[in-house]
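Reviewing the structure listed below.
Any read-out appearing in this document is the output of simple, stated calculations on the displayed coordinates, not a laboratory observation. Keep in mind that this is a model prediction, so the values were computed, not measured. Here the Cβ positions follow ideal geometry from the backbone for every residue, glycine too, while neighbour counts run over all protein chains shown.
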Amino acid sequence: MTDDPLTREALRQIYLFAALNDAQLDIMLASSHPIQLKQKQILFEAGQPAESFYLLQTGQVKLYSLSADGDEKVIEIIRPGETFAEAIAFMEQHAYPVSAEAIMDSSLCSFDLLGFRRLLEDSPATSMRLMADMSRRLRMRINEINNLTLHNATYRLVVYLLEQIPEGAMELAEIHLGTPKSIIASRLSIKPETFSRILSKLTQRGLISVEGNNISLQDVNGLRALL
């Protein structure tokens, strides 16, 4: 997704806005504001009052929380075309539960959170269509939680690698990790040193080869067999 000016047609490609009619899309467009973030710039912090939700157009943003000891846990990595913080519209207290920081230079659009909620309150039919879409996404999140809690680190990393295979790619798939490995490791609940050790073991077994942030899946069937 580019950082070109938003249009109705562009918004309709986003799941959150797909159920809206033309008049509703115009309301959302009128409430939108462009935002430019530099690498490592904070967008919002946990506990901060929430007035907006966001659509990422270019770059990457991480959502994370900090433990009592100050350790960072990456909750999600946002990529172009994805929205985030919209669920706060349905919460009793409008405060961001996590923090957001740009992984690299990024372009976003912000939208009025309460305006979006009022729009849904005025249109039960739109709310039901959106709830159906959000339910499908919730099932995907449950599967992710199962991967994080029920499986070991090697399983989680192999699943991640297989998910990065470009659509229509041949068995010998080339992957470029556009996100720093430390952030991917945190997202998968793997310590950075364990992440590197698993990559080394997979390389020794001839399943992958690693050169910087480029990974070749030498034996996709072998990787799938590990699952």
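Listing for the model above:
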item: Net charge dipole size for the range 8-138 [Lys, Arg +1 and Asp, Glu -1 on Cβ; Debye, nearest 20]; result: 320
item: Segment residue 9-residue 200, length gained on full extension (0.36 nm per residue, minus Cα span); result: 64.3 nm
item: Estimated 222 nm signal from helices in the chain, with DSSP H stretches of n ≥ 4 weighted -39500 (n - 2.57), rounded to 500; result: -11500 deg cm²/dmol
item: Cα Rg, Dmax (largest Cα-Cα span) when computed across the chain, Å; result: 19.3, 59
item: Modelled label reach - residue 182, point 7 Å along Cα→Cβ, the range 69-97 residues with backbone N closer than 13 Å; result: 71-74
item: Extension gain (nm, one decimal) between residue 46 and residue 30, 0.36 nm per residue minus Cα-Cα; result: 3.1 nm
item: Rounded, prolate or oblate (a/c below 1.5 giving rounded, otherwise prolate when a/b exceeds b/c) for the range 8-138 by Cα gyration tensor; result: prolate
item: Acute angle (nearest 10 degrees) that the helix 153-163 long axis makes with the longest principal axis of the chain, alpha-carbon atoms; result: 60
item: Cα centroid separation - the range 1-58 against the range 164-227, whole Å; result: 32
item: Pairwise FRET efficiency - residue 164 versus residue 90, Cβ, R0 = 22 Å, nearest 0.05; result: 0.10
item: The chain - percent relative contact order, Cα under 8 Å, separation 6 or more; result: 19
item: Exposure proxy ranking, count of Cβ atoms within 10 Å, fewest first, for 201, 181; result: 201, 181
item: Binned Cα-Cα distance frequencies in the range 151-225 - 10 Å width, integer %; result: 19, 60, 21, 0
item: Choice from 26, 105, 69 with maximal GNM fluctuation in the chain (Cα, 10 Å cutoff); result: 69
item: Surrounding net charge for residue 153, when Lys and Arg each add one and Asp and Glu each subtract one, Cβ distance under 10 Å; result: +3
item: Dipole magnitude (debye, nearest 20) for the chain, charges at Cβ of Lys, Arg, Asp, Glu; result: 740
item: Relative contact order, percent, the range 1-72 [alpha-carbon distance under 8 Å, six or more residues apart]; result: 32
item: Tensor-based shape of the range 79-138 (alpha-carbon gyration tensor, a/c under 1.5 rounded, otherwise prolate or oblate); result: prolate
item: Set 38/181; 40/201; 181/201 screened for pairs whose C-alpha atoms are more than 23 Å apart; result: 40/201
item: Degrees, to the nearest 10: 124-150 long Cα axis against longest axis of the chain; result: 20
item: Note, ³J(HN,Hα) from phi for the range 203-217, Karplus 6.51, -1.76, 1.60, rounded to Hz, x at Gly and Pro; result: 5, 4, 7, x, 7, 9, 9, 10, 9, x, 9, 9, 10, 9, 8
